[in-house]
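Have a look at the structure below before the remarks.
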Amino acid sequence: MTTLLTGVRPPRGFTGNAWTRFAARRLARLLISVWVLVTAAFLMIHLIPGDPVRVALGPTASPELVEARRAALGLDQPLWLQYVHYLGGLFSGDTGTSVGTGLPVSEVIADRLPATLELAGYAFLIAVVVSVPVGVGMAVLTRRGRRRKTELAFTSTSVVLGAVPEFLLAVGLVYVFGVQLGWVPVAGRSGLGSYVLPVLALAVGPAAVLARLLRVETLSVLEADYIRTARAKRLPDRIVYFRHALPNALTATITVGGLLLSAMVAGTVLVENVFAWPGLGTTIVESIIAKDYPLVQGIVLVYGTAVLLVNLAVDVALALLDPRSTIKES
Amino acid sequence: MTSPAKSTWAGVLRTPVGAGAAGLLAAVLLLAVLAPLLWSDQASAVDTGRILEGPSGEHWMGTDGLGRDIFFRVLVATGLSVGLALLATAVGVGAGLLLGTAPMLLGRRAGRLVTAVVNIAVAFPGLLLALFFAVVFGVGATGAVLAIGFALAPAFARLAQTLVAKVAGLDYVAAARIAGLGRLRLLVRHVLPNIAEPLVVNATIAAGAALLTFSGLSFLGLGVQAPLYDWGRLLGDGLSSLYVHPAAALAPGTAVVVAGLAFNLFGEAIAKGIGMRTTPVLLRPRVRSAPAARPAVTGEQEPVLAVDDLRVAFPGSTPVRGVSFALRRGEAVGIVGESGSGKTLTALALAQLIEEPGEVSADRLDFLGRPLLDLPARERRHLLGTSFAMVFQDPMTSFNPTQRIGRQLAEVSEQHDGLTRGQALDRAVDRLQAVRVPAAARRAKQFPHEFSGGMRQRAMIGMGMMGAPALIVADEPTTALDVTVQRQVLRLLDSVRTADDVALLLISHDITVVRQFCERVLVMYAGRIVEDLPAADLPARARHPYTRALLAAVPDMSTDRERPLAVIPGRPVDPADVPRGCAFAARCPLADEQCTSADPPLVPDEDGRRVACWHADAVTGLPLVAEEVRVGE
Ligand code: SF4
């Protein structure tokens with residue numbers, strides 16, 4: 001027994017390398033977060049005041065039916081056993097069965113997830129591709145109080161665009177481009193045209209916020225001593241801006257960009273419902289209203305995992321970009 | 001007397017954005033209270049004869065599917081929309097405060113657990129948390145209030161934690177704790193009042209977010225249920241008839257945006273008012289000044305640097321007003337003066353690093369015999385890039401934190417000498433060795449934060465030696481360093497100078513340093529050189545009262561350590577407001593009528609020493625300051 005315990009000591013080289021330590025620490029945090037997420041999804045049903053089956057079936061259902069459904073869902077077992085079964089099921093890829101359709105939850109998710117991923121992916125891509133050049137460009141153009149009017153126009157536009165929630169923007173877009181101009185389809189997912197409005201609705205806000213942030217960050221970075229050093233080295237402007245300024249301006253931007261991306265994951269729920277997009281967002285709302293709890297649980301896990309992965313990506317990107325951040329935490 | 005906090009709030013209200021946001025918010029809140037009382041009946045009056053009508057005199061925004069007036073419905077919905085959002089915010093702030101102060105109330109261990117959970121929850125976007133809680137609390141208004149409230153809670157918990165941690169460190173809180181005040185009373189009496197302001201500001205912003213999220217939930221059909229209605233509900237109902245009747249969806253949508261903005265803008269305005277109290281920059285009239293004296297340089301050898309009547313102007317001020325001097329090969333010249341004397345700007349101007357809106361002008365600014373101000377940009381860049389080295393004040397911030405030291409040195413040679421990446425890196429390692437950075441090859445691969453301050457400054461000097469410098473301009477190179485390291489860095493500069501016959505321009509506020517490492521000293525005051533003399537002449541032969549005052553302010557071995565340092569009485573001149581006559585007159589014990597009416601020119605004597613003072617000859621006999629202070633080794 002004692003030999004076994006002493007053998008558990010962490011390997012020596014482990015403490016030597018900042019990167020290994022960073023990876024280990026970050027992995028541990030991810031695992032803990034996933035565990036909290038899974039437990040929360042499990043507990044969700046049990047937190048519902050009263051009997052979830054009774055709530056789902058309505059007051060008119062017979063007690064026998066309720067009992068039968070409880071048994072079918074395993075709700076008649078002790079809580080800890082249900083927990084064990086739930087975890088075991090997840091490990092073997094079994095996320096339960098949708099009450100409404102009788103299909104395995106995993107199947108429903110596999111069917112709906114790609115549409116949502118596409119939406120969020122394109123939207124984020126567009127937000128980044130637009131905001132980086134605009135933000136950096138505006139910083140360079142409006143440095144030290146130059147072009148006050150441009151700055152004012154840019155700031156107020158981006159503040160307003162950033163403040164309009166995506167589903168209202170979606171409604172506005174539908175009205176202008178669908179109803180008034182009739183340029184693009186306003187519902188469903190068929191053909192390239194149907195992507196335009198939902199992607200725009202999701203992308204505009206984050207693009208505005210990111211562009212404004214990048215401008216501010218770049219402005220402060222351009223005043224930094226090391227930019228003066230780069231100038232003193234007589235490097236061309238191109239190198240000063242892209243090799244010395246941009247990486248430093250990106251750290252805060254990536255942090256906020258990560259938050260925006262997670263918020264975008266949530267935003268898809270609303271936007272999908274405006275455009276009747278056949279993704280997870282429409283499904284989760286339907287299943288919440290229909291009290292299809294296993295399906296809700298499954299989708300909550302997917303959204304939650306997506307957010308955790310985004311956060312992981314942000315931390316890795318920060319570590320790559322700013323060597324101090326890996327050290328700072330330890 | 002108003003407290004500073006109050007005056008801030010009042011100040012915010014006086015700004016156009018703050019006043020606008022406050023007015024908008026007041027209108028929204030007023031409407032939320034009054035509209036349901038006044039117009040509920042009109043809003044719910046069903047008129048089956050006029051279903052889905054467009055705007056008309058009777059119904060400004062038309063009617064909905066049951067013929068109800070949309071305009072009144074949107075107005076009345078203000079009550080529920082705003083009310084529920086505020087309720088949800090209250091739940092969120094309350095729950096957040098409980099969670100956030102848990103570490104303080106529950107003790108370390110339980111507190112840490114709560115903190116960990118909060119940290120994980122905070123990572124999830126509010127809407128997802130709201131959806132989660134909407135499942136738990138059920139579909140409907142109550143469920144949505146709780147859902148949004150709990151969704152806001154982690155963010156407020158995090159905020160409260162940070163604020164509490166800050167306040168808990170304050171002296172009087174510690175004192176109260178030692179005095180045996182219970183945790184709860186400590187919290188309520190001493191901590192909460194101190195964090196109330198930022199909490200309220202954030203709650204205001206959060207209320208805006210809650211309003212938007214709430215309408216989102218209602219829009220999805222998860223919030224307010226018929227027959228009740230809020231904006232989100234109206235929007236959801238209106239969306240289906242968007243083609244026939246756009247106002248039914250656009251009107252509540254606009255209302256949500258406007259109300260959300262009102263909360264948001266007001267909160268942001270207050271936050272800005274508290275956070276950064278910047279006084280607006282007052283533009284002062286431009287100062288015209290008399291032309292400066294010509295330099296007294298004899299042309300025995302071509303100077304590395306020849307400056308004549310250098311000026312640096314910014315809108316509203318001219319902080320450098322006609323500086324003239326020359327530097328020979330291998331010569332070490334120091335510029336001394338208080339901060340604000342224009343010495344750093346002079347250095348930046350020489351290096352062509354003054355940026356807009358600053359402007360540099362000079363009758364002559366020759367570097368290695370070539371006029372910098374007239375040189376084509378390419379040539380100037382190459383000339384300065386290879387022969388002109390800068391060492392800045394703070395080595396901590398002067399390196400790019402995201403790049404390896406070696407790379408940062410190497411890019412100089414890549415850029416200007418056309419070396420490949422590998423060759424340039426080899427040269428960087430070689431240069432690091434030359435400035436005595438130990439294990440240079442390994443060190444070159446490290447990031448700036450892995451270097452100590454002194455080492456970084458040496459690397460900075462090495463960076464200047466990547467080319468073949470003819471001049472090193474070092475601007476307060478040791479001010480940011482430990483005393484022990486200061487000497488090393490100065491000695492390194494000195495050895496580089498003597499070894500390679502490099503001219504050194506050392507800028508410092510410390511006249512003893514300059515005296516020790518330089519052959520000649522330029523004393524600057526209010527953007528001008530007031531005295532130019534050999535270092536060996538200090539202190540005894542200094543003629544300008546300002547130079548003598550600087551010398552007198554230097555502490556030495558005989559100075560009583562307990563006594564405060566001698567300082568020069570009076571304040572330095574504001575470059576935006578330079579007085580007539582001698583700029584030093586207000587602080588000068590010898591000032592008289594002549595001094596305040598005419599500016600003394602910088603005149604050379606037969607030995608080439610220059611001084612700008614009407615009474616320079618009267619000074620030398622006087623003691624340095626009222627009481628004798630020796631300046632010695
Ligand atoms: S000119 Fe007059 S005021 Fe100026 S330093 Fe000389 S004595 Fe003092």
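In the stretch A:88-101, what residues are of a type outside the set (Val, Ile, Thr) and open to solvent by less than 50 Å² (accessible area, probe 1.4 Å)?
A:GLY88, A:GLY89, A:LEU90, A:GLY93, A:GLY96, A:SER98
Here is a list: B:ARG436, B:ARG456. Which entry is open to solvent by 10 Å² or more (accessible area, probe 1.4 Å), assigned to a loop (DSSP other than H, G, I, E, B), charged (D, E, K, R) and more than 9 Å from chain A (Cβ to nearest Cβ)?
One residue alone meets the criteria, B:ARG436.
Testing A:LEU301 on (1) open to solvent by less than 10 Å² (accessible area, probe 1.4 Å); (2) under 13 Å from the mean Cα position of the chain (by Cα); (3) more than 9 Å from chain B (Cβ to nearest Cβ), one condition comes back false. Which one is that?
(1)
Taking the options A:THR282, A:THR229, name whichever one is among the hydroxyl-bearing types (Ser, Thr, Tyr), assigned to a helix (DSSP H, G or I), open to solvent by 10 Å² or more (accessible area, probe 1.4 Å) and modelled with pLDDT of 85 or more.
It is A:THR282.
With the checklist (1) crowded, with 17+ Cβ neighbours inside 10 Å; (2) under 30 Å from B:ALA313 (Cβ atoms); (3) at pLDDT below 85 in hand, flag the one item B:ASP574 doesn't pass.
Unmet for B:ASP574, out of (1) crowded, with 17+ Cβ neighbours inside 10 Å; (2) under 30 Å from B:ALA313 (Cβ atoms); (3) at pLDDT below 85: (1).
Within the bounds of the stretch B:105-116, is there any residue that is open to solvent by 30 Å² or more (accessible area, probe 1.4 Å), within 11 Å of another protein chain (Cβ to nearest Cβ), part of a helix (DSSP H, G or I) and out of contact with any Lys or Arg (no Cβ under 6 Å at 6 or more places or on another chain)?
Checked the stretch B:105-116: at least one residue is open to solvent by 30 Å² or more (accessible area, probe 1.4 Å), within 11 Å of another protein chain (Cβ to nearest Cβ), part of a helix (DSSP H, G or I) and out of contact with any Lys or Arg (no Cβ under 6 Å at 6 or more places or on another chain).
Could you figure out which of (1) open to solvent by less than 40 Å² (accessible area, probe 1.4 Å); (2) within 14 Å of another protein chain (Cβ to nearest Cβ); (3) in a helix (DSSP H, G or I) isn't true of B:THR142?
Failed condition: (1).
Can you tell me which condition B:CYS582 does not meet? The list is (1) away from the ligand (no atom under 12 Å from the Cβ); (2) modelled with pLDDT of 85 or more; (3) part of a loop (DSSP other than H, G, I, E, B), and all the others hold.
Tallying (1) away from the ligand (no atom under 12 Å from the Cβ); (2) modelled with pLDDT of 85 or more; (3) part of a loop (DSSP other than H, G, I, E, B), B:CYS582 fails exactly one: (1).
Residue-wise test of (1) over 24 Å from the mean Cα position of the chain (by Cα); (2) crowded, with 22+ Cβ neighbours inside 10 Å; (3) more than 13 Å from every other protein chain (Cβ to nearest Cβ).
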residue: A:SER190; (1), (2), (3): yes, no, yes
residue: A:LEU197; (1), (2), (3): no, yes, no
residue: A:ILE239; (1), (2), (3): yes, no, no
residue: A:PRO247; (1), (2), (3): no, no, no
residue: A:VAL265; (1), (2), (3): no, yes, no
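Please enumerate the residues belonging to the stretch B:236-261 that are buried (at least 21 other Cβ atoms within 10 Å of the Cβ), hydrophobic (A, V, I, L, M, F, W, C) and more than 7 Å from every other protein chain (Cβ to nearest Cβ).
Correct list: B:ALA247, B:ALA248, B:ALA251, B:ALA255, B:ALA259.
I'd like to know if the stretch B:125-138 contains one or more residues that are surrounded by fewer than 21 Cβ atoms within 10 Å (Cβ to Cβ), outside any helix (DSSP H, G or I) and within 9 Å of another protein chain (Cβ to nearest Cβ).
Taking every residue of the stretch B:125-138 in turn, at least one turns out to be surrounded by fewer than 21 Cβ atoms within 10 Å (Cβ to Cβ), outside any helix (DSSP H, G or I) and within 9 Å of another protein chain (Cβ to nearest Cβ).
Please specify each residue of the stretch B:209-229 satisfying the condition of being over 12 Å from B:LEU131 (Cα atoms), within 11 Å of another protein chain (Cβ to nearest Cβ) and buried (at least 24 other Cβ atoms within 10 Å of the Cβ).
Listed by number, the residues that qualify are B:ALA209, B:LEU211, B:LEU212, B:SER215, B:PHE219.
Only residues that are open to solvent by less than 80 Å² (accessible area, probe 1.4 Å) and within 11 Å of chain B (Cβ to nearest Cβ): list them for the stretch A:132-153, please.
Correct list: A:ARG143, A:GLY145, A:ARG146.
Provide a single number: the residues in the stretch B:476-491 that are aliphatic (A, V, I, L, M) and touching a helix residue (DSSP H, G or I) at 6+ places or on another chain (Cβ under 6 Å).
The total comes to 4.
Which strands (runs of 3 or more DSSP E) sit wholly inside the stretch B:328-421 and have at least 2 residues that are more than 9 Å from chain A (Cβ to nearest Cβ)?
By residue number, B:332-336, B:359-361, B:364-367.
Working carefully through the options B:VAL312, B:VAL320, B:VAL360, find the one that is open to solvent by 10 Å² or more (accessible area, probe 1.4 Å) and of a type in the set (A, V, I, L, M).
After applying the criteria, what remains is B:VAL360.
Identify all residues within the stretch B:596-617 that are within 21 Å of B:ASP308 (Cβ to Cβ), within 9 Å of the ligand (Cβ to nearest atom) and of a type in the set (Gly, Ala, Ser); write none if there are none.
B:ALA612
Return the residues of the stretch A:102-113 that are in contact (Cβ under 8 Å) with a residue 12 or more places away in the chain and out of contact with any strand residue (DSSP E or B) (no Cβ under 8 Å at 6 or more places or on another chain); say none if nothing qualifies.
Of everything in the stretch A:102-113, those that are in contact (Cβ under 8 Å) with a residue 12 or more places away in the chain and out of contact with any strand residue (DSSP E or B) (no Cβ under 8 Å at 6 or more places or on another chain) turn out to be A:SER106, A:VAL108, A:ILE109, A:ARG112, A:LEU113.
The values are calculated or read from the model by the stated rules, or taken from the named source; none is laboratory data. Just so it is clear, the structure is predicted and the values come from calculations on it, not from any experiment. In this analysis, Cβ positions are derived from the backbone assuming ideal geometry, glycine residues included, and neighbour counts consider all displayed protein chains. SASA here: full protein model, heavy atoms, side chains in, ligands and nucleic acids out. Shrake-Rupley method; radii C 1.70, N 1.55, O 1.52, S 1.80 Å.
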